[in-house]
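Notes for the one structure printed next.
Coordinate-derived values only; no laboratory data. Since we're looking at a predicted model, the values are computed, not measured. Here the Cβ is made from the backbone with ideal geometry for all residues, glycine too, and neighbour counts use every protein chain on show.
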Amino acid sequence: MLKPFIHILFAIACLCGACASAREEPARVFTLAAVGDILFDRGVRAEIERHGADSIFKEVAGVLSGADAAVGNLECPLTDRHEPRPMRFVFRCDPAHAATLAA
């Protein structure tokens, strides 16, 4: 009757020992950089025309490139089509800016 209880205690002791040895290893850190809406249209389009596409990320480029992963919400499609849509706001981004997003 006592034997199963001893096995359980032994298993718990082994797990605690494994946890203790895991604590001795250096912590692994994963850095995620996340940004909100990215829009290459309207006022941002004018900024790109004046200063180039890289200019819009210059203040955060170090943070984004220094992360293990970076994600953002692109608020416009990458397209060169200009067909009007029956919507109040229609945004688009030149497909050439895909390289800027990737960088």
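For the reader, a short list of remarks on this structure follows.
- Using the Cβ-Cβ distance between Asp68 and Glu24 with R0 set to 30 Å, the FRET efficiency works out to roughly 0.80.
- Using the Cβ-Cβ distance between Glu75 and His51 with R0 set to 30 Å, the FRET efficiency works out to roughly 0.90.
- The range 73-79 - phi-based ³J(HN,Hα) in whole Hz, Karplus 6.51/-1.76/1.60, Gly and Pro as x: 9, 6, 8, 8, x, 8, 7
- Multiplying the residue separation of Arg88 and Val60 by 0.36 nm and subtracting their alpha-carbon distance yields 7.0 nm.
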